[in-house]
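Shown next, in structure tokens, is the structure this report addresses.
Only the coordinates and a few stated rules stand behind these numbers; no lab work does. As the structure is a computational prediction, the values presented were derived from the model and not from experiment. Here the Cβ positions follow ideal geometry from the backbone for every residue, glycine too, while neighbour counts run over all protein chains shown.
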Amino acid sequence: MPLTTTPQGTPGAPAAPARPFGSVLVAMATPFAADGEVDLDAAARLATTLVDAGCDGLVLSGTTGESPTTSTGEKARLLGAVLEAVGARAHVLAGAGGNDTAASVEAARAAEVAGAHGLLVVTPYYSRPPQAGLLAHFGAVADATGLPVMLYDIPGRTGTPIAVGTLQALAEHPRVVAVKDAKNDLYAASQVMANTDLAWYSGEDALNLAHLAQGAAGVVSVVGHAAAGAYRAMVDAVDAGDLPTARTLHARLLPVVDLMMNRAQGAASASAVAQLLGATTSRAVRLPLLPLDEDQVEQLQGALTEAGLL
């Protein structure tokens, strides 16, 4: 898989940003069988369904992939199944973050051995390290392999934002090439984009259009389980300077974003969408998460149908 994908857009439109991991990535749910085991066949089907729908990147074993409750062996087998299914057509990133730097380094090395195209490394959570600790942590993980790294900034879950100055310093590392931004601070994002070569990816579906409009490389989306094609059209519209079309797509997807991300837990929503698409036979998740109930699935199915996604 090529490391860079940069559409040219239309004559007169602003140049598209560098895209080391593609432009429409899905933070993929990990499918589980009814007995609770990871369903590798379903993972291959889901990955193929998503790539066929329009995404050019998948992030495995992130929060949506239930990384806290899957073992090292399960993560490796999942990565292998997805690489075999779509590795020639999409960038496949592996989650390798945690709040133990040594364990994150081991996870990064294991992902490299398994064939990952890149790493997603989240801010260490719960322990709330200082910014100097973040610099040392991310640097240690980036130093551990030859893989390109996407940092994941999500202070609502980790308790610690990555400061603008820290991101600018990390941008000097040759393998730190991108940020998945779920900080919900558009001004901070614009500062980093203006002063570094980091590729910016929206990690908050409600802000996908806003990030793209100010120069983001793409999205890493949970709603993309249902809307990979629509987000592909949104990216293409922004690249072409066609903001009216992008805004129309954004408005059409708002009810789906609300149901999947605000009214239910994201991994459970993604697993339910995967089942509705026919890629999986079960919407099971692992405790402490719970699957969507029948009423929630019915509401989700209605919103997807109304938006023309199902």
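Structure values in brief
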| item | result |
| --- | --- |
| Highest-MSF residue in the chain out of Thr123, Thr280, Thr196 [GNM, Cα springs under 10 Å] | Thr196 |
| Cβ-based exposure ranking for Thr245, Thr101, in which fewest neighbours within 10 Å come first | Thr245, Thr101 |
| Rel. contact order, % - alpha carbon contacts under 8 angstrom, at least six apart, the stretch 187-233 | 31 percent |
| Overall form of the stretch 32-148 per C-alpha gyration tensor (a/c, 1.5; a/b vs b/c) | prolate |
| Positive-end residue of Val176, Ala227, Gly54, charge dipole of the chain with Cβ unit charges | Val176 |
| Normalised alpha carbon radius of gyration of the stretch 154-299 [divisor 2.2 N^0.38 Å] | 1.14 |
| Interchain or long-range residues, amide H under 5 Å from Tyr152's placed H | Val121, Val122, Thr123, Lys180 |
| Value in Å of the Kirkwood radius, where the chain supplies the Cα pairs that are averaged | 19.1 Å |
| Relative contact order (%) - the stretch 24-306, alpha-carbon pairs under 8 angstrom, separation at least six | 19 percent |
| Estimated [θ] at 222 nm from DSSP helical runs (n ≥ 4, -39500 (n - 2.57)) normalised by residues in the chain, nearest 500 | -14000 deg cm²/dmol |
